[in-house]
Amino acid sequence: MDMKVNIAGVEWKNPVTVASGTFGSGEEFSEFVDLNRLGAVTTKGVANVPWPGNPTPRVAEVYGGMMNAIGLQNPGIDLFCKRDIPFLKKYDTKIIVNVCGHAPEEYLAVVERLADEPIDMMEINISCPNVNAGFLAFGQDAKHVEELTAQIKVKDGAALGNSEFYLDEHIKVGAVDEDGLPVFLITKDDFTHKTAVITITAAPKPATGITLNKSELTLVAGAVDDSLKATVTPADSTDTVVWSSDKPAVATVDPATGKVTAVAPGEAIITATAGTKTATCKVTVNCGHGSFTLFPEKESNCTEKGWDAYKKCDLCGKLFDMSDNPLTGIPYRATNDDHDFNTSEWGYKEADGHAHVCSRNAAHHDTVVPHTAGPAATETTPQTCTECGFVMQAATGHVHANHLTKVDKVDATCTTDGNKEYYRCTCGKLFEDAAAATEITDHSSVVLPKTGHSYTVQNSDEAHRRSTAADCREFDTYWYTCANDATHSAKDDAAAADKFYNGKQGAHVYGSEWVDCGETGHAHKCQYHDAYDAVQPHTPDHEGGATYDYAVKCTGCGRVLEPQRENGSIRVEVPFKLTVKKTGEMDPGQETFKFAIDRFGAPTVYTLVQDTVETNGEKTYEGKFIFTISKDQAGNLSEGFVIHQVKGNAAGWTYDESIFYAMPLFVDSYDSVRGWAFFKFDEKGELEYNDPMEEIGFTNSYSAKKPVTPPAPEPPEKPVTPPAPETPKTGDGSMIAFSIAMVIVSGAALMGAALYSRRRSR
């Protein structure tokens, strides 16, 4: 699909470009998008000097999007021309430069600088603040836009070599030059400038675009066509049209008139060029099949294939039968079976078998007969066909697996080396397996080095073993024997005389396991006698006594200290986090906090059971609330329950009053709950069902201040006798008013506390 567009005289291969200011200069995004696929790349704004942009932060997130105030940060025109333009020229795309500035002269400096650069278009950024207009953006004032655009057009025209001069009443006509063009004398009113003589010449008008009346043209080879016409804009452009063909062997074109001559079948692109603008037309040349070479019919024999009569186009090489029907190939006839096979020998010998060969054509043979295999191949003899001698399998050569001897494993002793299990070939190579699949290249790796002596204690009766000290058993002299070879003994080794010992009876050797010694406790028993060490009291595995789910057992010996309660119960485990924060001057000390569950939906607060958390210091405590509820007390828990903190009255503490709801999962009845989901009540007392939690959390704050120690009073130099108190005068109401005020304040406080308590109870 042809997606070419012409914008302001510049032809794009497609109308796709990028928004200015969002794509840098293309290099930043070249790893993510192929720039060759774009019709044009619009760069970030470029100023006459580098702009650092606004200070950070300059991006802010807002509802529905973001706001930014980058400040047109850019590297300046010099670095842009040196770095960014050469990079963009590597791609098949147009280059549009966004020009920015704070004043008209800054725009003009960039435009003049770009005049010598290979760019295609300029985009004037009128969102910039105009310093000459109180930093009002150029685009906010139509007059400023008009003035800026006019100055840029003048500067752009001058940069392209088209001088403009403005004639006024001070310009006087002089003579004419050799071409007949007028010469003017220009003077200023104040005569401060020298009189100048300039020549006004007609400026060339470059083409801004070119189109063809046809995009495709189909011709027969040898035909001449002059229908292609080019239209140049503007109509008075001084650029002439020049024609060219990319494949003259297919089609030629007159460079001046555009007349096309079809040469040979194929496709060629005809291009019309006016200045820097081009337009193309695809020319397809077909063959007219005007000249043929005839191939008469030919009979087949055993050496050659024959064919039916056909003809071949001299221009395109296509084949036709005598009725001008196209052929896909030469119309060969079947090969004649008139063979003369030599049956005295097998002339054809291949992997698939053997056959007799035709004497007229060695490429022809009769039916292939499978080989008759001889004896299997050996290391020196191949396997051949017994009829034709064809080698069906070559001699195998030396096969290690046929010449292996197994070497069994020999354990190393304390005085001699051993070896691993391996296989040895007659050729001297070693292998790890009987199939000789893995060769052992390092022969020393099969050696198991001797271990040397390693003496361990051994009793004389060989049944009573010792470590390093005597125990409670009676024994005789003992010695050390080598662990690697029991025939070697320190008793006979002068170098190990220190391993020979006469022991004495010692202390009991107690085991590591606790033995139940009754209600008094448990102890460790001697391995060799009915003796025990000191009895230790039993240690309960949990506090609070037996429940309906668990008995109390000793963590050491497992003795049942208190049997499980007979009545059934429900055990609820609630994962939690309790955070203790320091908001005052004092560090939180050791404290106990209570938490309870209430029946959900009950008209009145009905606490089923409580649990506590012990804290000491500022941190987050994690664990599980464990509530064990007897079935006869729990009632129907299928509706869940409420979890909250039991507010205490410890000085300096602020208690978290959050309330959570535990909803049962997979409930068949009150005693078949499979799990719980947790939700929080909001400030209005409504459940936040859209925010389920895996655990609940409370935060308690400690705000106590450090006590202030008043300074010790300085002793007076002399004892001071206080004056006698004056008797209040009748009518003095200051103390009476203070007392009334205190009564009013106390009453208000009591009333507020009562209202708060009533609201909490609801």
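Applying a DSSP loop filter and a limit of 13 other Cβ atoms within 10 Å to the GluC sites (Glu not before Pro) in segment 378-444 leaves GLU379, GLU421.
One decimal place: the segment GLU421-GLU117 gains 101.4 nm when fully extended, by the rule 0.36 nm per residue minus the C-alpha distance.
Rounded to the nearest 20 debye, the dipole magnitude of segment 267-325 is 460 debye, with +1 charges on Lys and Arg beta carbons, -1 on Asp and Glu beta carbons, and the Cα centre as origin. Placing R0 at 41 angstrom, the Cβ-Cβ distance between THR438 and ASP352 gives a FRET efficiency of 0.65 after rounding to 0.05.
Of the GluC sites (Glu not before Pro) found in segment 1-70, those that fall in a DSSP loop while having at most 16 other beta-carbon atoms within 10 Å are GLU31. Taking amide H atoms as placed 1.01 Å from N in the peptide plane, the amide H of GLY71 lies under 5 Å from those of ASN54, each 5 or more residues away in sequence or on another chain. Of the cross-linked pairs LYS4/LYS259; LYS44/LYS94; LYS89/LYS282, those separated by over 23 Å at the C-alpha level are LYS4/LYS259; LYS89/LYS282. For VAL646, the residues whose amide H sits under 5 Å from its own are LYS594, PHE595, ALA596, ignoring neighbours fewer than 5 places away on the same chain, with H placed 1.01 Å from N.
The HN-Hα couplings worked out from phi for segment 345-357 by the Karplus form 6.51 cos²θ - 1.76 cosθ + 1.60 (θ = phi - 60°) are 8, 8, x, 9, 9, 9, 4, 7, x, 9, 7, 8, 9 Hz, whole numbers, x standing for Gly and Pro. Placing a label point 7 Å from the Cα of THR699 along the Cα-to-Cβ direction, the residues of segment 577-599 whose backbone N falls under 14 Å of that point are 577-584. Cα gyration tensor of segment 514-565, axes a ≥ b ≥ c as square roots of the eigenvalues: rounded (a/c below 1.5), prolate (a/b > b/c) or oblate? Prolate, since a/c reaches 1.5 and a/b exceeds b/c. Net length available on complete extension from TYR532 to LYS259 is 86.0 nm, with 0.36 nm assigned per residue and the Cα-Cα distance removed.
Please give the net charge around ASN48, taking every other residue with its beta carbon less than 10 angstrom from that of ASN48, where Lys and Arg add +1 and Asp and Glu add -1.
Its environment carries a net charge of -3.
If amide hydrogens are placed 1.01 Å from N in the peptide plane, which non-local residues have theirs closer than 5 Å to the one on LEU561? When sequence neighbours closer than 5 places are left aside, the close amide H contacts are VAL552, LYS553, CYS554.
Taken together, the values in this text are just the output of simple stated rules run on the coordinates, not laboratory data. As the structure is a prediction and not an experimental result, all values here were calculated from the model. Here Cβ is always computed from backbone atoms with ideal geometry, including for glycine, and neighbour counts include all displayed protein chains.
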